[in-house]
1. Once you order the gyration tensor axes a ≥ b ≥ c over the Cα atoms, which shape class does region 155-212 get: rounded for a/c under 1.5, otherwise prolate or oblate by comparing a/b with b/c?
2. Which of these, A361, A307, A43, has the largest mean-square fluctuation under a Gaussian network model of the chain (Cα springs below 10 Å)?
3. Given the convex hull over the Cα atoms of region 246-311, what projected area results after averaging over all orientations, in nm²?
4. Return the calculated 222 nm mean residue ellipticity for the chain, to the nearest 500 deg cm²/dmol, obtained by summing -39500 (n - 2.57) across DSSP H runs with n ≥ 4 and dividing by the residue count.
5. If amide H atoms are built 1.01 Å from N in the plane of the peptide, which residues on other chains or at least 5 residues away come under 5 Å of the amide H of S218?
6. Just for the chain, what percent of DSSP beta bridges are antiparallel, to the closest 5?
7. Please sort 173-180, 207-214, 408-415 by packing, taking for each peptide the average over its residues of neighbouring beta carbons within 10 angstrom, highest first.
8. Relative to the present Cα-Cα distance, how much length would full extension add between E290 and N207 at 0.36 nm per residue of separation?
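No value in this document is a laboratory result; all are computed from the given coordinates. Computed from a predicted model, the values in this text were never measured in an experiment. Note that each Cβ is placed from the backbone with ideal geometry, even for glycine, and that neighbours are counted across all protein chains shown.
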Amino acid sequence: MSALRYLSTRGRAPAATLSAAIAAGLAPDGGLYVPEHLPTIDAACFDPAGDLAATAATLLGPFFAGDALADALPAICAEAFNFDAPLRPLARPDAAMLELFHGPTAAFKDYGARFLAACLHRLRGDDAPPLTILVATSGDTGAAVGAAFHDQHDPVQCGLRVAILYPDGRVSPRQAHQLGSFGGNVHALRVAGSFDDCQRMVKAALNDAGLQRRVPMSSANSISLGRLLPQMSYYAHAALGWWRTHDAPLDFIIPTGNLGNALACLWARAMGLPIGEVRLACNANATLPEFFAGHDYRPRDAIATLANAMDVGAPSNFERLRWTFGGDDEALRRALDAQSVDDATIRATLLRHAREYGEVACPHTATALAVLARESERDDRTWAIAATAHPAKFESVLEPLLGEPLTMPPSLAAMLARPACAEPLAAEETALRNWLLAT
Ligand SMILES: *Cc1c(COP(=O)(O)O)cnc(C)c1O
């Protein structure tokens, strides 16, 4: 098989190998890397007895074929996918939960972050100069990336450091603590601005060629192919399991902010996996719901909501989504739908879910549960809800609402028991530049 080449969505960057695209993060023309075409794969290629890591290695094989990382792919998958993503039936006939929160920081982003870390460590030569991984986070990305690069390898020897930018005061106290709890090679920067400010600052730094020469940098946002590609795996694994037992495709409702998690599901569907309908559940940031309702795409500033990891007004993967449909917005609107769920509905959904099923969902997952409630009135298909985080991360929303304390998973409790600190940073591109040069 000849190796796939990776191109920029903006079409003004040279074709790259997968390794080069993963190492770079963003393409040099400011676009996002995409494969020259999406490979297809037959469901019969997957080992029915294989675990999630085995499914991932088979699924990602065509993307890695011929690349420098190809031989390491099974080991990379074993490292990244060392915790399950169970598809658990909900206590109602028409829905199941795909639980993506059993990793070290209790959110789905652990998968992508661990996969990216496993790739970048292998791509670095012994004498490679120190590399700074920049990450803008609305909450969960930063912790997942911090944990993936902090825990796995000796921080001094590998020459990798991580700088996490997050919007001060707009993440939950527990999330903030998590972000500042790493120390060593992982730096938390609390920015006096929004998530979109953080993202803009990171993009500007990565695109600054002069700065790149002095401080080599890469990104770990969901724009990185090293995070996006692995996220296809849990959708593929769940859909294959469902298809083997029910002889039907599985339909997904996915809480969406930057479109990384949902785009991965669409790519898996485009590869030929037995995935049916896909619905995006957004919070009050309605950029995508308005687009899917037929309006022009109009990115804007984010507003703060209860589902803060989805507070995105300009979803960075939208460029890739458009590319997936050849730039044909009508075809894109036919293939998928997005709905907006406001904070009042998130609260009501969380309360109803607790009352009817005796279980607590995270506020992000609640947006998908709200969309499920609307969808189940229309037809009787079985929807899988992507449960994107463990509820215990969002105690400041959930405990006052539900009036009861939440039990923390042990990995989260251990992280929160460590001391935490974060440095303040102005929401300006020069402030990040100065910080990078000074440290
Ligand atoms: C990041 C995140 C989302 C949104 O995922 P995207 O890939 O940005 O669309 C949803 N829920 C939780 C808990 C998250 O951390």
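1. On the way: a/c = 3.69, a/b = 1.09, b/c = 3.39.
It comes out oblate by the Cα gyration axes.
2. Residue with maximal mean-square fluctuation among A361, A307, A43: A43.
3. One quarter of the hull surface, i.e. the mean projection, equals 5.3 nm².
4. Details: 20 runs with 190 residues, N = 439.
Mean residue ellipticity at 222 nm (helix-derived): -12500 deg cm²/dmol.
5. The list, which skips near neighbours in sequence, is T132, I133, L134.
6. Values: 10 of 46 bridges.
Given both bridge residues lie in the chain, the antiparallel proportion sits at roughly 20 percent.
7. Taking the mean over residues of other Cβ atoms within 10 Å, the ranking is 173-180, 408-415, 207-214.
8. On the way: separation 83, 0.36 × 83 = 29.88 nm, distance 3.00 nm.
Once the chain is fully extended between E290 and N207, it gains 26.9 nm.
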